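A quick write-up on the structure given underneath.
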Amino acid sequence: MEHTVYLGLGSNQGNRMEKLDQACQKINKLIGPIVRQSAYYDTEPWGFQSENTFLNAVVCCHTTLSPRQLLRATQRIERQLGRSQKTGPGGIYHDRPIDIDILLYDDLHVDEPDLIIPHPRMFIRSFVMEPLREIYPGGDI
């Protein structure tokens, strides 16, 4: 069965545009075809201080993966693109070459210790909501 998922992408280390482009290529290969993609947004870090701004985007893709398989695939892509850890010591955010968050998976709600869908903080993050509204059908979430 095919599912519609929305993924939030971000990078603030190295060639940010190249990292997002590489992430999209890997999403197409490992997760499923990207059917819509937002523009890239240059944004300030959220939840920590850094001199490096982020480049953010949201993609919509179709997948046959389960939510748990999708999580593993996004984490694999992050590792392949140079991400070694999700957060720094004490759960603090930090600079990263790539970040991929599962925002939406059909109309599914998941609440597990390491997987929450819809993403629990997406509605308070303009760097997620602006690109999501750009590609979400009707723009109304």
Residue list for the stretch 28-38, filter: closer than 21 Å to residue 130 by Cα and open to solvent by less than 60 Å² (accessible area, probe 1.4 Å): 34, 38
Failed condition for residue 47, given (1) modelled with pLDDT of 95 or more; (2) within 15 Å of residue 128 (Cα to Cα): (1)
Qualifying positions in the stretch 39-57 - surrounded by fewer than 19 Cβ atoms within 10 Å (Cβ to Cβ) and within 21 Å of residue 139 (Cα to Cα): 39, 40, 41, 42, 43
Whichever residue in the stretch 27-40 is under 13 Å from the mean Cα position of the chain (by Cα) and either part of a helix (DSSP H, G or I) or of a type outside the set (A, V, I, L, M) (or both) and, among such residues, is farthest from residue 54 (Cα to Cα): 27
Residues being at pLDDT 90 or above, touching a helix residue (DSSP H, G or I) at 6+ places or on another chain (Cβ under 6 Å) and surrounded by fewer than 17 Cβ atoms within 10 Å (Cβ to Cβ) - total across the stretch 84-141: 3
Extreme residue, most open to solvent (accessible area, probe 1.4 Å), among residues of the stretch 1-26 that are touching a residue at least 60 places away in the same chain (Cβ under 8 Å) and among the aliphatic types (A, V, I, L, M): 1
Of residues in the stretch 58-72 being outside any strand (DSSP E or B) and open to solvent by 10 Å² or more (accessible area, probe 1.4 Å), the one nearest to residue 109 (Cα to Cα): 67
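The values are calculated or read from the model by the stated rules, or taken from the named source; none is laboratory data. Predicted model only: the values in this text are computed from it and were never measured. All Cβ positions, even for glycine, are placed from backbone atoms using ideal geometry, and neighbour counts span all protein chains on display. All accessible areas refer to the heavy atoms of the entire protein, side chains included, with ligands and DNA or RNA removed. Shrake-Rupley method; radii C 1.70, N 1.55, O 1.52, S 1.80 Å.
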